[in-house]
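In what follows, a structure is listed as structure tokens, so that the remarks can point back to it.
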Amino acid sequence: MKILAGDIGGTTTKLAVFDSGGGRLRELRGQEYPSNAYAGLDEVVAEFLADTECPCERACFGIAGPVEGRRVKVTNLPWVVDADRLEQQFAFDRVTLINDLEAVAWGVSGLAPDELMTLNAGSNPDGGGNAALISAGTGLGEAGLYWDAGRLRPFACEGGHASFSPTTDEEWALRTSLAREHGHVSWERVVSGPGLVAIHDFLVERAGGSSREPPQGPGDPAAAIVAAAADEGSGLARDAVQLFARLYGAEAGNLALKIMAVGGVYVAGGIAPKIIDWLDQGGFVAGFVDKGRMKPLLEAMPVHVVLDERIALKGAARREFDD
């Protein structure tokens, strides 16, 4: 059976064909597309399938947005994805829509040791228990995996849109600044690519700067800030990335407590591998364990960064393969 898997994000749409012959999944062909260059997922799928000679019986798409029934409104993109319409248009036997973080969660069990970097070894002698997944990119995605008779089973959530909870004077000032612009300030407003830019803007203004322009550098504004942070002369960019890392850890700790993730916390998404050195300097873990009386519980939870940036594609295929 051939499965078309998709990872649909606000910035990039990734598609790949997997073959499930022989009782295992094997990727045959994959391609990435800039999401905002297309009016909808159907256009991307049409272009991809026109370029491949791998007709697919089934499709599963991990989508950055809440999945309700057979239609999904993509959170950071003006797309509505309709499973019934895709089935009819491309003659698929079945189309499955799942949250993008649920897709990543399906891929967690297939990760090899060299596809993970450990930030906190933790201690879990039994090797079981619930796990949590958090992923900052264009937005902030979260998911859980519950322990069921020796197997982790994923479920989606929209925790990234829960209210941002500052714990220091600086964080309160950041929240106040963001509230003037957005009203409600979610965790996604600070722990995401746009969130890093917002943190940098806030620090520039607080330091008396008049410009809201990020440092000049390669790629998007968030990438420019990360590049500038690597330069010892760019103090505000460095401060922004350090604050971002601590806030990322703080929300990962919140999620871990709510799910009781003794089986581990997985940090995925496009940002984490690009700031891996900053995450590994301790700010992320410091924010993660800073939960008062629950600090020992969090210190015992393993925390890993997922280095495989195609995990959502593999997970979407795995979800359809296992069903």
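The values are calculated or read from the model by the stated rules, or taken from the named source; none is laboratory data. Note that this is a predicted model, so its numbers are computed, not measured. Reconstructed Cβ throughout: ideal geometry from the backbone, glycine too, with neighbour counts over all protein chains shown. Side chains are part of the model used for accessible areas, which takes the heavy atoms of the whole protein and leaves out ligands, DNA and RNA. Shrake-Rupley method; radii C 1.70, N 1.55, O 1.52, S 1.80 Å.
Remarks
- For C60, the criteria (1) in a strand (DSSP E or B); (2) of a type outside the set (S, T, Y); (3) open to solvent by 40 Å² or more (accessible area, probe 1.4 Å) hold in every case but one, which is (3).
- Pairs, first under 19 Å from D82 (Cβ atoms) and in a strand (DSSP E or B) in the range 15-43, second open to solvent by 70 Å² or more (accessible area, probe 1.4 Å) and not hydrophobic (A, V, I, L, M, F, W, C), C-beta under 6 Å, six or more apart: L15/Q31
- Criterion (among the aliphatic types (A, V, I, L, M), crowded, with 17+ Cβ neighbours inside 10 Å and at pLDDT 95 or above) met by exactly one of V226, V241: V241
- Filter pass, A156 being open to solvent by less than 20 Å² (accessible area, probe 1.4 Å), hydrophobic (A, V, I, L, M, F, W, C) and outside any helix (DSSP H, G or I): no
- As for the range 48-55, it holds no residue that is modelled with pLDDT of 90 or more, out of contact with any strand residue (DSSP E or B) (no Cβ under 6 Å at 6 or more places or on another chain) and assigned to a strand (DSSP E or B).
- Scan the range 94-144 for residues that are over 22 Å from K14 (Cβ atoms), in contact (Cβ under 8 Å) with a residue 24 or more places away in the chain and either in contact with a Leu (Cβ under 9 Å, 6 or more places away or on another chain) or assigned to a loop (DSSP other than H, G, I, E, B) (or both) and the total you get is 13.
- Wholly within the range 256-323, helices (runs of 4 or more DSSP H) carrying at least 3 residues that are modelled with pLDDT under 95, within 30 Å of M1 (Cβ to Cβ) and open to solvent by 30 Å² or more (accessible area, probe 1.4 Å): 311-322
- Pairs meeting the criteria (first residue in the range 187-198 and small (G, A, S), second residue in a helix (DSSP H, G or I) and open to solvent by 20 Å² or more (accessible area, probe 1.4 Å), beta carbons under 6 Å, at least 6 apart or on different chains) are G195/R189.
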